[in-house]
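FYI, it's all coordinate maths here, none of it is from the lab. Just so it is clear, the model here is predicted, and its values are computed rather than measured. Here the Cβ is made from the backbone with ideal geometry for all residues, glycine too, and neighbour counts use every protein chain on show.
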Amino acid sequence: MESALWAGPRKKHEPTQISLMARFASPTGDKSDDVFSYQVTVGLASPDSAAFSLEPQVKEEALTFHHGARPMKLLERKGPHVVARDSKGLRVDVGVEPMASETALGSIAEPERFPDLELIRRTLLDWRFYHVLRTDRDSPLRRPCLAVTSPTLSSDGSNLAAVFATLVHIRQDSVGLQQMIRDAFAGAQLVVPPPERTASFGMIFPEFRGRVFDASELSDGTLRYLALAGTLMAYRLPAFIALNEPETSLHPDLLAPLARLIVQASSRTQIWLVTHSEQLAAALEKYGGIKPHTVVKNGGETWIQGLKRVGDFDDDEA
């Protein structure tokens with residue numbers, strides 16, 4: 001909260017809060033106006049409350065179904081009090097008082113009684129945020145992992161070897177992986193041995209044809225690129241992927257291949273990417289027609305250039 005709150009000027013008596021909202025379109029992908037919106041407002045603890053001073057405290061929370069001109073509140077919370085619509089469409093007190101640091105959506109575990117809440121909760125739990133993929137000596141990326149079929153890369157990348165093994169030995173498809181390697185590392189080859197108790201992987205480079213370099217020997221940049229490839233080429237992609245500064249530790253020559261991977265994966269899922277690299281942003285625009293939006297600072301406020309207060313972009317920025 002200390003990092004996220006805007007430290008600029010506020011109106012007198014204006015509460016120190018942040019509101020976040022996500023909208024979920026119809027699963028069929030049609031153009032209907034049947035969408036859900038989930039909004040949560042968080043702020044700081046009051047001086048007399050039993051809470052840590054900088055821990056986010058949920059002030060309000062709502063799940064709304066938008067159909068036609070009359071939105072329907074499926075979940076509504078103000079402070080500790082929570083009401084929701086059950087499977088019969090009736091507004092009921094859920095009988096749960098979540099802590100101020102908990103969301104009601106995450107606290108209510110009655111799928112048969114509240115099916116709509118369960119739908120959105122499961123959707124959110126399928127999202128993946130890849131913020132820090134460690135490449136240090138003790139990184140989980142550098143170690144073999146248990147040989148368990150892994151259709152999706154975990155948030156810390158600890159099952160990367162199993163993700164590769166799933167593609168090669170379960171899906172029986174290594175063509176895409178080897179094409180990815182050739183695109184990024186000319187003349188190199190990815191080696192994924194048949195797993196027994198554990199799964200592992202390595203690389204063969206053209207300068208050393210007779211030697212397999214296992215994950216513990218790879219450079220930080222090479223290993224990070226392979227982790228990003230595992231993220232974007234996994235057997236089953238999450239419904240939403242957030243990539244924060246994926247260019248970290250990568251050689252500039254890898255940014256164009258990475259952009260092609262991202263564009264390819266965007267046909268299978270929705271991807272949100274934040275980068276400091278103008279080269280990566282330009283490559284995404286070149287290979288995928290993806291126009292980047294620039295983050296700007298204005299009087300201490302972080303904003304996206306062209307973004308209007310209602311959440312839409314100016315016509316020339318859309």
Revision key, fill the gap. Excluding near-sequence neighbours (fewer than 8 apart on one chain), region 17-119 holds lysine pairs with C-alpha atoms under 22 Å apart numbering 4
Revision key, fill the gap. Note to self, the chain gives a 222 nm [θ] from helices alone (DSSP H runs n ≥ 4, -39500 (n - 2.57) apiece, / all residues, nearest 500) of -6000 deg cm²/dmol
Point to revise | Cα long-axis angle, helix 115-125 against the chain (0 to 90 degrees, to the nearest 10) | key: 40 degrees
Exercise for review: Under 21 Å Cα to Cα from Lys297, which lysines show up? Leave out anything in the same chain fewer than 8 places away.
Suggested key: Lys11, Lys308
Exercise for review: Would you pull out the residues with amide H under 5 Å of Leu74's amide H, same chain only if 5 or more places away, H placed 1.01 Å from N?
Suggested key: Leu63, Thr64, Phe65
Study note, to complete from the structure: Once the dipole of region 17-119 is set up from charges on Cβ (+1 Lys and Arg, -1 Asp and Glu), the residue from the list His81, His67, Ile108 lying farthest towards its positive end is His67
Review point. Label 7 Å along Cα→Cβ of Asp312; region 284-306 residues with amide nitrogen under 19 Å?
Key: 293, 304-306
Study note, to complete from the structure: Env charge @ Glu285, Cβ radius under 11 Å, K,R +1 / D,E -1, value +1
Study note, to complete from the structure: Using alpha-carbon positions, the gyration tensor of the chain gives root eigenvalues a ≥ b ≥ c; with a/c under 1.5 called rounded, otherwise prolate if a/b exceeds b/c, else oblate, the class is prolate
**Study point:** Amide H contacts of Val35 (H built 1.01 Å from N, under 5 Å, at least 5 apart or other chain)
**Key:** His66
**Study point:** For a label point 7 Å along the Cα-to-beta-carbon line of Glu118, residues of region 87-102 with backbone N under 12 Å
**Key:** 87
Exercise for review: Principal axes first, then extents: for the Cα atoms of region 17-119, list largest minus smallest coordinate on each axis, whole Å, largest first.
Suggested key: 47, 26, 21
**Study point:** Distance between modelled label sites at Asp48 and Asp253, nm, 7 Å Cα→Cβ extension
**Key:** 6.6 nm
Review point. Each label point is 7 Å from the Cα along the Cα-to-Cβ direction; what then is the distance between the points at Thr294 and Val212, in nm?
Key: 4.9 nm
